[in-house]
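Below you'll find the structure I mean.
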Amino acid sequence: MTEIGQTLIERRTDLIQALLQHIQISLLALVIAMFIAIPLAIAVTNHHKLAEFFLQVAGVLQTIPSLALLGLLIPIVGIGNVPATIALVIYAILPIFQNTYLGITNIDPSLKEAAEAFGMSRWQKLFRIELPLAMPEIIAGVRNALVLIIGTATLAALIGAGGLGTFILLGINRNNSALTLIGAVAAALLAIAFSWLIGVLQRVKLRYSLTALALIVVGSLGYSGYTAYQNAQPTITIAGKLGSEPDILINMYRDLIKQDNPQAKVVLKSNFGQTSFLLNALKSEQIDIYPEFTGTVLEGLVKLPAGQTVPHSANKTYQLAQNLLQQQEQLTYLKPMAYNNTYAVIVTKKFAQQYQLKTISDLARVENKITAGFDLEFMDRQDGYKGLQKKYGLTFKTKSMDPSLRYEAIQRGSVNLIDGYSTDSEIRRYHLVALKDDRQLFPYYQGAPLMRAETAQKYPQIVKSLNKLHGKITDAQMRQMNYDVNVKKKSAATVARQYLMKHHLLRGK
């Protein structure tokens, strides 16, 4: 409880921001779903076959896994609030449409006949008889939809849309149960609060319900408009992948940019997702800069010329990555830092000693005893598991898992081999062994800022600021910084600033 209280105090500003983002995206999705589902349900009340068809379609859409739906939307509409909102709207349509349709069609037919006998028009009958009688059922559908939206909206953090999911992801990634619990409890309390509020609307008169719903609409659209206006202002958006290391780097980028240009508006999007998410966001101008590694560029972002192989030289790897990014993607790759955050194949010290494992080649002796836990990106990369199969001739039982869960899995004995990075703090924390890459499968992985060419041309001062990190940060220094964040629970911003000041890259204030 003490740790949770301390975390709440330290991150209260971040929590409020995440809460507002969560409310914004949830209400916006609810409003759009209501505008689609309620009129559509009213329109098909006298067309039962058509209504059944729409119910079936909405039901099928709701069965699509949320991650799969987000993955399908990203190539079409990019990353951020738009795909998250679309996905939430799709999930919310069914309960609203279904309850509206049933609420109207289940009204006692004698009441409708009486309305017709009094000479009411179709619209008079709808607004004076049908909607007032069906309103409790409609609001119940809205209530169910909103609770569903608030719970599902935690996944929006995976694609850079923010919200309370950022706390959950950050907690899982850093093995910080306090952060995970804060995010989960906050989302649950938010769902309970809005469910209670809408429940109140079920018990009041129609005009009050409509007034409250109108206020929700106006408030949601107004806040979304204000946010869009704010985002339209000149801003440098810097994003990072999942993990403490990218979080440290993007904070360094911000501090260096702000020092040289105090008036610059810099926005950070930490734990933005996998490589493909960030590259798509960069190319679609949703972000301006993110730290990328030279080996990742050559193995996953560009096409190597015919006959070209990945060099086993740090400088040649960077030069080739820089040239191909410029030629193929029109992206500017700034100068790299010193440390080499290459892939590592990791086992426990006990397992290594038991079978005398020192190199990756040694795993051939114990293939049948291995159950590996790899993240999805490593599973599908030529410098990952595919490379282990091709270059080392290794094939063993594998489980795919989120990067943040690998170390926990090997600690619990669920797996006995995992992928990781050479600068991971967990190697030191859990006394693990990174096996030597004796056949040089893994290329050099030096981190450097990646940005669009037009951004580099428009803001030459930013290029100059970020190039101050060229040749800085050793392997040992990065491992220590990761350890400070993941184990000592220091904030990435604090660790980044301390390094910059200690090495005279940032002036003290």
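The values are calculated or read from the model by the stated rules, or taken from the named source; none is laboratory data. Small disclaimer: the values here were computed from a predicted structure and weren't measured. Cβ sites come from the backbone with ideal geometry, for glycine too, and all protein chains shown count toward neighbours.
Is it the case that some residue within region 304-315 is surrounded by fewer than 19 Cβ atoms within 10 Å (Cβ to Cβ), small (G, A, S), closer than 30 Å to K399 by Cβ and not assigned by TED's automatic domain parsing to the domain that holds L242?
No, the conditions are met nowhere in region 304-315.
With respect to the numbered conditions (1) part of a helix (DSSP H, G or I); (2) within 18 Å of K241 (Cβ to Cβ), which one is the sole condition not fulfilled by A161?
The one condition A161 does not meet is (1).
Quick one: is S400 loosely packed, with under 15 Cβ neighbours inside 10 Å and within 23 Å of the chain's Cα centre (by Cα)?
Spelling it out, S400 is indeed loosely packed, with under 15 Cβ neighbours inside 10 Å and within 23 Å of the chain's Cα centre (by Cα).
Sticking with this structure for a sec: For region 274-367, please list each of the helices (runs of 4 or more DSSP H) lying entirely inside it that holds at least 1 residues being out of contact with any Ser or Thr (no Cβ under 8 Å at 6 or more places or on another chain) and under 30 Å from L405 (Cβ atoms).
Result: 275-283, 349-354.
Restricting the first residue to region 449-473 and requiring it to be over 15 Å from L256 (Cα atoms), which pairs with a second residue that is of a type outside the set (S, T, Y) and surrounded by fewer than 16 Cβ atoms within 10 Å (Cβ to Cβ) meet a Cβ separation below 6 Å and a spacing of at least six or different chains?
Close Cβ pairs satisfying both conditions: A453/Q330.
Is it the case that some residue within region 469-483 is among the β-branched types (V, I, T), modelled with pLDDT of 90 or more and outside any loop (DSSP other than H, G, I, E, B)?
No, that holds for no residue.
For region 375-426, give me every one of the helices (runs of 4 or more DSSP H) that falls completely inside it and has 1 or more residues that are on the phi < 0 side of the Ramachandran plot and of a type in the set (G, A, S).
Qualifying helices (runs of 4 or more DSSP H): 385-391, 406-412.
Here is a yes/no grid of residues against (1) closer than 30 Å to A178 by Cα; (2) hydrophobic (A, V, I, L, M, F, W, C):
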| residue | (1), (2) |
| --- | --- |
| R12 | yes, no |
| H48 | no, no |
| G78 | no, no |
| V82 | yes, yes |
| N106 | no, no |
| P109 | no, no |
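While we're on this one: With closer than 23 Å to F293 by Cβ, part of a helix (DSSP H, G or I) and in contact with a strand residue (DSSP E or B) (Cβ under 8 Å, 6 or more places away or on another chain) as the only criterion, which of V495, V463 stands out?
Answer to the selection: V463.
Right, next: Cβ-Cβ below 9 Å, separation at least six or inter-chain, first residue in region 261-273 and closer than 25 Å to E377 by Cβ, second surrounded by fewer than 19 Cβ atoms within 10 Å (Cβ to Cβ): which pairs?
L268/A493
Which one of these is closer than 27 Å to A140 by Cα and not small (G, A, S): L94, L72?
L94
Right, something else. Hey, any hits in region 232-246 for a residue that's under 24 Å from G165 (Cβ atoms), modelled with pLDDT of 90 or more, in contact with a helix residue (DSSP H, G or I) (Cβ under 6 Å, 6 or more places away or on another chain) and in a helix (DSSP H, G or I)?
yes
Suppose we filter L388, L394 for residues that are of a type outside the set (D, E, K, R), surrounded by 20 or more Cβ atoms within 10 Å (Cβ to Cβ) and in contact with a Leu (Cβ under 8 Å, 6 or more places away or on another chain); which single one remains?
Selected residue: L388, the only one of L388, L394 that is of a type outside the set (D, E, K, R), surrounded by 20 or more Cβ atoms within 10 Å (Cβ to Cβ) and in contact with a Leu (Cβ under 8 Å, 6 or more places away or on another chain).
Scanning for something under 30 Å from Y253 (Cβ atoms), touching a residue at least 40 places away in the same chain (Cβ under 8 Å) and in the same structural domain as H431 (by TED's automatic domain parsing), does region 349-364 turn up at least one residue?
The answer is no; no qualifying residue exists.
Then there is this: Could you check, for region 32-40, whether at least one of its residues is β-branched (V, I, T) and at pLDDT below 90?
Within region 32-40 (the criterion being β-branched (V, I, T) and at pLDDT below 90), the answer is no, since none of the residues qualifies.
Among the residues of region 180-215, what is the count of those that are at pLDDT below 85 and either in contact with a Phe, Trp or Tyr (Cβ under 9 Å, 6 or more places away or on another chain) or surrounded by fewer than 20 Cβ atoms within 10 Å (Cβ to Cβ) (or both)?
Within region 180-215, residues that are at pLDDT below 85 and either in contact with a Phe, Trp or Tyr (Cβ under 9 Å, 6 or more places away or on another chain) or surrounded by fewer than 20 Cβ atoms within 10 Å (Cβ to Cβ) (or both) number 17.
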